[in-house]
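First up is the structure itself, then whatever we jot down about it.
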Amino acid sequence: MTVESTAARKPRRSAGTKSAASASTTGTKSAASKRAGAAAKKAPETGGEPELVQLLTPEGERVPDATYDPYVADITSEELRGLYRDMVLSRRFDAEATSLQRQGELGLWASMLGQEAAQIGSGRATRDDDYVFPTYREHGVAWCRGVDPTNLLGMFRGVNNGGWDPNSNNFHLYTIVIGSQTLHATGYAMGVAKDGADSAVIAYFGDGASSQGDVLEAFNFGAVYNAPVVFFCQNNQWAISEPTERQMRVPLYQRAQGFGFPGVRVDGNDVLASLAVTRWALERARSGEGPTLVEAFTYRMGAHTTSDDPTKYRADEEREAWEAKDPILRLRTYLEAANHADEGFFAELEAESETLGKRVREAVRAMPDPDSLAIFEHAYADGHALVDEERAQFAAYQASFVDEGGK
């Protein structure tokens, strides 16, 4: 089966196309740039109660928004079903990975449960020629970028250091060091601007990472150099066991104003709003308007990782309240009420989900053990005598475990 959704990305544009940043210096602006500018004016940047961009209520009711409706005005019934399919299958993959870890097949797993709308909405907003810098939890975004889900599991099983070529999907390898990918994304975006490419960069991170110096440094560089980068923060309200109110004094999106670019808070459990706001932010970047901070206000329904027990620091009532805002149930309610999908679609998707789960289980258990001596490769570009000595010592150590029968 293919991992590409029916909610397909927009066609690739040539990296050699003249950037909108160059066009804007001549006093001309495209209609897209004007839309982005109008949305930027609405984007909340001041104090007071946070505004929350929402197009689908928790009850699945479509609500109008004059600023962001244009960014999803062309969405079809097929694409809406595609967004639902994306969320259902990425959740199933995530659940299988959690189960595999519990069975001892993976060393660790960072679940995305509850964050599907933020990831699928933002992921489907990107174009093929945009570049994505994830953390280690962006399984839904990886799905949108066409990365085979089984490739995500090799690192967590300990058989590779990533599992895919970043340049084949413009999707960087998972980053374990908290927040460092935002600097990588900003530097890449600065290069994109210098090349005159008509594309943008998006960097994902969490609310806990937003307190890291690397992230704030990336904000500053992005602002000063007007880099075409979108900083997408999934605020799931818990940095492991630390709630956001223990991390910051103001709503997270308002941090952007101190660096001179807009910030906007979106309902991260609303896939349509996440899609619309990210399209706006990426369009703004491509139009030479610089960075945007998008705070997707969502909730981590599960544990931080499979080594964590959230019941020790989080009330059941809080989790239950957010389960009532489930992003998948929200979109299904809307699809059914607006006659965008029938029972046949949901039944077929359930069967596809079972097939995906089986494929993931079989693929993980069939992964070969890595070459244990491969860790010595690429330590130096031209080799090194000390590394050669260490490789030989380790090979001899491993050979010492072989018994006389050759086993």
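Over 38 Å from the mean Cα position of the chain (by Cα) and either farther than 20 Å from LEU106 by Cα or modelled with pLDDT under 90 (or both): is that true of PHE376 in this structure?
Details: over 38 Å from the mean Cα position of the chain (by Cα): no; either farther than 20 Å from LEU106 by Cα or modelled with pLDDT under 90 (or both): yes.
No; evaluated as a whole, the condition is false for this residue.
Contact annotation: residue pairs with Cβ atoms under 8 Å, 6 or more positions apart or on different chains, pairing a residue in segment 168-179 that is at positive phi with a partner that is among the charged types (D, E, K, R), are ASN170/ASP128; ASN170/ASP129; ASN170/ASP130; ASN170/ARG145; GLY179/ASP214. Taken over segment 146-155, the residue count meeting the criterion of being in contact with a Phe, Trp or Tyr (Cβ under 6 Å, 6 or more places away or on another chain) and either surrounded by fewer than 21 Cβ atoms within 10 Å (Cβ to Cβ) or over 30 Å from SER287 (Cα atoms) (or both) is 2. The numbered conditions (1) in contact (Cβ under 8 Å) with a residue 60 or more places away in the chain; (2) under 29 Å from GLU59 (Cβ atoms); (3) not in a helix (DSSP H, G or I) are all true for ASN339 except (1).
Taking the conditions (1) of a type in the set (Lys, Arg); (2) in a loop (DSSP other than H, G, I, E, B); (3) open to solvent by 20 Å² or more (accessible area, probe 1.4 Å); (4) closer than 17 Å to GLN119 by Cβ in turn, ARG300 satisfies each one other than (3).
Which one is nearest to GLU96 (Cα to Cα), of the residues in segment 303-327 that are part of a loop (DSSP other than H, G, I, E, B) and open to solvent by 50 Å² or more (accessible area, probe 1.4 Å)? Walk me through it before giving the result.
Residues of segment 303-327 part of a loop (DSSP other than H, G, I, E, B): 303-309, 313-315, 324-326.
Those still in the list that are open to solvent by 50 Å² or more (accessible area, probe 1.4 Å) too: 307, 309, 313, 315, 324-325.
Numbers: SER307: 16, ASP309: 19, TYR313: 25, ALA315: 25, ALA324: 23, LYS325: 22 Å.
Residue satisfying both the conditions and the ranking: SER307.
Considering segment 99-125, the residues that are assigned to a loop (DSSP other than H, G, I, E, B) and under 11 Å from the mean Cα position of the chain (by Cα) include one that is farthest from ALA321 (Cα to Cα), namely MET112. How many residues does segment 355-407 contain that are part of a helix (DSSP H, G or I) and within 25 Å of PHE156 (Cα to Cα)? Residues flagged as part of a helix (DSSP H, G or I) and within 25 Å of PHE156 (Cα to Cα) within segment 355-407 amount to 20.
Being out of contact with any strand residue (DSSP E or B) (no Cβ under 8 Å at 6 or more places or on another chain), open to solvent by 20 Å² or more (accessible area, probe 1.4 Å) and in a helix (DSSP H, G or I) is the filter here; which residues of segment 245-295 pass it? Passing the criteria: GLU245, ARG246, GLY258, PHE259, ARG279, GLU283, ARG286. The residue that is nearest to VAL229 (Cα to Cα), among those in segment 278-307 that are polar (S, T, N, Q) and touching a helix residue (DSSP H, G or I) at 6+ places or on another chain (Cβ under 8 Å), is THR292.
Considering the conditions (1) in contact (Cβ under 8 Å) with a residue 24 or more places away in the chain; (2) open to solvent by less than 50 Å² (accessible area, probe 1.4 Å); (3) out of contact with any Phe, Trp or Tyr (no Cβ under 6 Å at 6 or more places or on another chain), GLY163 is excluded by exactly one of them, (1). Residues considered: ALA341, ALA381, ALA392. Of these, the only one that is closer than 28 Å to ARG91 by Cα, among the small types (Gly, Ala, Ser) and either open to solvent by 80 Å² or more (accessible area, probe 1.4 Å) or at pLDDT 95 or above (or both) is ALA341.
Search segment 166-191 for residues being out of contact with any helix residue (DSSP H, G or I) (no Cβ under 9 Å at 6 or more places or on another chain) and buried (at least 17 other Cβ atoms within 10 Å of the Cβ), and hand back the single one that is farthest from LEU216 (Cα to Cα). Result: ASN170. When every residue of segment 189-203 is checked against the conditions, at least one turns out to be closer than 24 Å to ALA117 by Cα, assigned to a strand (DSSP E or B) and in contact with a Ser or Thr (Cβ under 7 Å, 6 or more places away or on another chain). Test GLY146 against the criterion of being assigned to a loop (DSSP other than H, G, I, E, B) and in contact (Cβ under 8 Å) with a residue 24 or more places away in the chain, and give yes or no. In short, yes. Of the residues making up segment 348-367, just one is open to solvent by 100 Å² or more (accessible area, probe 1.4 Å) and touching a residue at least 40 places away in the same chain (Cβ under 8 Å), namely ARG365.
Yes/no per residue for (1) open to solvent by 10 Å² or more (accessible area, probe 1.4 Å); (2) under 27 Å from ASP342 (Cβ atoms); (3) in contact with a Gly (Cβ under 6 Å, 6 or more places away or on another chain):
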residue	(1), (2), (3)
ARG81	yes, yes, no
ASP86	no, yes, no
SER90	no, yes, yes
ASP94	no, yes, no
LEU100	no, no, no
LEU108	yes, no, no
GLN115	no, no, no
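For segment 276-284, indicate whether the set of residues that are basic (Lys, Arg) and either under 30 Å from GLN101 (Cα atoms) or touching an Asp or Glu at 6+ places or on another chain (Cβ under 9 Å) (or both) is non-empty. No, every residue in segment 276-284 fails to be basic (Lys, Arg) and either under 30 Å from GLN101 (Cα atoms) or touching an Asp or Glu at 6+ places or on another chain (Cβ under 9 Å) (or both).
The values are calculated or read from the model by the stated rules, or taken from the named source; none is laboratory data. For clarity, every value in this text was computed on a predicted model and none was experimentally measured. Cβ atoms come from the backbone with ideal geometry, glycine included; neighbour counts cover every protein chain shown. These accessible areas exclude ligands, DNA and RNA; they are computed on the full protein's heavy atoms, side chains included. Shrake-Rupley method; radii C 1.70, N 1.55, O 1.52, S 1.80 Å.
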